[in-house]
1. Projected onto the charge dipole of the chain (+1 at Lys/Arg Cβ, -1 at Asp/Glu Cβ, origin at the Cα centre), which of A145, I462, N444 gives the Cα projection farthest towards the positive end?
2. Each residue of region 281-298 in order: what ³J(HN,Hα) in whole Hz does its phi give by Karplus 6.51 cos²θ - 1.76 cosθ + 1.60, θ = phi - 60°, with x for Gly and Pro?
3. Tell me, L266, L94 in order of fewest to most beta-carbon neighbours within 10 Å?
4. So if R0 is 25 Å, what FRET efficiency would D429 and E409 give, r being the distance between their Cβ atoms, rounded to the nearest 0.05?
5. Give me, ordered by chain and number, the residues 5 or more places off R458 or on other chains with an amide H under 5 Å from its own placed amide H.
6. Rounded to whole Å, give me the distance from the Cα center of region 226-243 to that of region 100-138.
7. Of R458, R221, how do they rank once you tally other Cβ atoms within 10 Å and put the fewest first?
8. Can you give me the Cα centroid spacing of region 408-430 and region 21-78 in angstrom?
Amino acid sequence: MTEQFEETAACENLSSYLNELGKGLDEYLRFEHSDAMQNPEDWKAKLGLDLPHNGIGIDDVIAEIRSLLLPNASAIPNPGFSSFITTGASNSALLANLSALVSAPQRYSLTAFNYVEELSLNWMRDLFGLSKEMKGIYSSGGSTANLIALGAARQQVFEKIGIDPARDGVQMPCRIYASAACHHTVHRAAAVLGLGRNSVITVPTNAKGQMSAQALRKVLREDTESKDSSEFLQLAVVANAGTTETGAIDPLAEIAELTQEYELWLHVDGAYGLPGILDPETAHLFRGINQADSVSVDPHKWMGAPVGIGTTFVKDRSILFRAFTQGAASYFEGAFSDEDAQHSLDSMGLPYADFGVELSAPSRGVVVWAIIREIGKSGLQKRICRHNAMAKHIAERVKAHPDLELALEPSLSICCFRYAHKSITNLDDFNRSIHRQLIRNGRNMPSTTYFKNKFVIRPCFIGARTSWQYADDLLDEFIELAEQLKNKNQ
Ligand SMILES: *Cc1c(COP(=O)(O)O)cnc(C)c1O
């Protein structure tokens, strides 16, 4: 008896479906649609069906993507979006991602995709001027990248006292030193690693938003000399190469001197800011980065990769293996011998699964490979320089305007400022109102933050689609709204 083939999902004719979907995507990318929350009842009613018993077929699924989802999608890829640190992907990155989804659903085995996984990591290392001994591992983003880096630090520090923390668990309290402006994924990484969020000791920042090296020196000395210093392990210092809040780059060279003196692991979180090293005007701020034991960077931020791609670089990948191995498993038996391979399935290739926290994982390297192959170092450099110059341009205009106040000089592509006319009593509320209006207008969409307890507008330029005119346009619109609101209040 022959079994009947009853698969109902479409698995062929991709080009025609892509063509259809592509039209919808191009339409979306013109950003002429209104915001999703303009008319939410309409699309929610059409989408919110009971569980379907029978499907509608792929053509109608594509039609619904085009008619219901895309016109009510995210504002993130909009060139006027400058909130948070996230962006839409550029085309080559998307297409490379799609190619991998179709043809290399996992990053393992001896395929060309597996090959460019490693190649692209090495390219990125060279692109950002990291030392040749650095090796990388992809993961889902900056959160996981920081977790992997701190997992390596934990492994190294405990091994020094004869404990394998990956096997036997954390046997002693630890301390991680991070600036007040560090990303709070550092705290979560400490929690996941069994160290606890409270193991993160906050080092104050200076007026430029950088970790104060002086304050770090003081706390390290006090901790080392304190009478209970034998009751905890000093594990790592986490420095920022571009804080999320202001883009400040910590004094890496000074911090590295301290981590060497105290024999501490130095992790540099460059999730957002590391590509800033390509701008000749800011490159010097990264001096000292090659003293780091680990460095993280997110291709899904400034490089324009689709979300889901972070990277950790370490000087010694064997520590990662010891920190993250799953232990031996029979289903992998013999899977790692590359010798005499004659078929792509003769070996798993490099054991990325044991360098991080994911087993099944997409081929991410091909995305980075495509980005770099498409525009080269020079193309990325142009984007970084443009965005940095936009932040500086806003800063110059803010300084020249009598009613605007600059919170601090921009280091990278973030500029923090506010409207501060003397007639306004509550500046935080005033600026918050202008910000809400900006977002609702939907043309220029910066985010906000508190810097030194002041509420400030915080555009962060990173999108490939964001061109120079958006700097002036954002500030013009902001000033116009501020003056309207001020006159209304008077
Ligand atoms: C964005 C960011 C993170 C977190 O990265 P995700 O990719 O969102 O997980 C960590 N550190 C810094 C400095 C960041 O800017």
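1. Of the options given, the answer is N444.
2. 6, 10, 3, 5, 5, 8, 4, x, 5, 6, 7, 5, 7, 8, 9, 10, 8, 9
3. Values: L266 23, L94 17.
Taking fewest neighbouring Cβ atoms as first place, the list is L94, L266.
4. 0.45
5. Those qualifying (amide H under 5 Å, at least 5 residues apart or on another chain) are S447, T448, T449.
6. 31 Å
7. Numbers: R458 25, R221 13.
With the sparsest Cβ surroundings first, the list reads R221, R458.
8. 37 Å
No lab work stands behind these numbers, since they all come straight from the coordinates. Everything quoted here is computed from the prediction, not taken from an experiment. Virtual Cβ from ideal backbone geometry, glycine too; neighbours counted across all protein chains shown.
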